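Undergrad: This is the structure I have questions about; it appears just below.
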Amino acid sequence: MSEAAVLPRGNAVVAIGEEVRSDGRNRRAVQTRRKVIEAAKAMITETSTAPTVVGVAKRADVSVRSVFQHFGDVESLFVTVMDSVREDVVVEASPAGERPLSVRIDSLIENFAEIFDKIVPLRVAAGQFAGHPAMIERGLRSRQELREATFTVFAPEFATLSEQAREQLADAIGAALSLDAWVVLRRRDRLSLERATAVWRLTLTALLAHGLRTAAAE
């Protein structure tokens, strides 16, 4: 027989009431955390700067103490926001290697451009946290994911190259099509999305053509 079954009715009611209150507190905590994250994301999108805890608390309509209870410091909040933004980004499937090269180039560039344009404000705002271990780890992970996508999409072309040539071409593509390179085009040079995309398309086409010429000359 369960403990609840042998408790006097009054005590059982108290136990149930405590459980309900606990569930209520948990729900409020989850709601507060979500409000803080959404407020920080909105502020970063609007300003491309890392918001202060006070600013986030005001935007989320919660206390500063609540923000610190959930995140500890502004760095932890920013890392959480970055992870949330990454989860919001929908990554299109890589085009199959048997499709024409021009189609694969267009598809990859359009996917990268769409993704990067959404996270440019976050990347600009992240500048003050560049040395944070979590930020470094996520940056390395993102670059590796992009590198793997490159190898997948252009597998037929990479297959014709030596191992050294493959690595060099992948390095060149990774540098030319990096998030930082996109920030330069869109923020420093103020190119439109269409012009920045065209620059990347031309760059990627030239790099792949150079790689294929290298393979043919070997």
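Read-outs: derived from the displayed coordinates by stated rules, not from any lab. Note that the coordinates shown come from a computational prediction; the quantities given were computed from them, not determined experimentally. Neighbour counts are summed over all protein chains in view; Cβ atoms, including those assigned to glycine, are modelled from backbone coordinates with ideal geometry.
Undergrad: So how many Å³ per residue does the convex hull of the Cα atoms of segment 61-218 work out to?
TA: In segment 61-218, the Cα hull volume divided by residue count equals 128 Å³.
Undergrad: Ranked highest first by the average count of other Cβ atoms within 10 Å around their residues, in what order do 37-48, 192-203 fall?
TA: By packing density, highest mean first, the sequence is 37-48, 192-203.
Undergrad: Here is a further query. If we sort 67-73, 137-143, 111-117 on the protection proxy, mean other Cβ atoms within 10 Å, highest first, what's the order?
TA: The peptides rank, most packed first, as 111-117, 67-73, 137-143.
Undergrad: Let me ask something else about it. What distance in nm separates the simple spin-label points at L212 and R188, each placed 7 Å from Cα in the Cβ direction?
TA: Using points 7 Å along Cα→Cβ, the separation is 3.1 nm.
Undergrad: Oh, and also: Order the peptides 204-210, 125-131 from the highest to the lowest mean number of other Cβ atoms within 10 Å of their residues.
TA: Descending packing order for the listed peptides: 204-210, 125-131.
Undergrad: Using the beta-carbon distance between D117 and R25 and R0 = 35 Å, what value does 1/(1 + (r/R0)^6) give for FRET efficiency, to the nearest 0.05?
TA: 0.35
Undergrad: Give me the number: length gained by fully extending D180 to R147, i.e. 0.36 nm times residue separation minus the C-alpha to C-alpha distance, one decimal in nm.
TA: 10.4 nm
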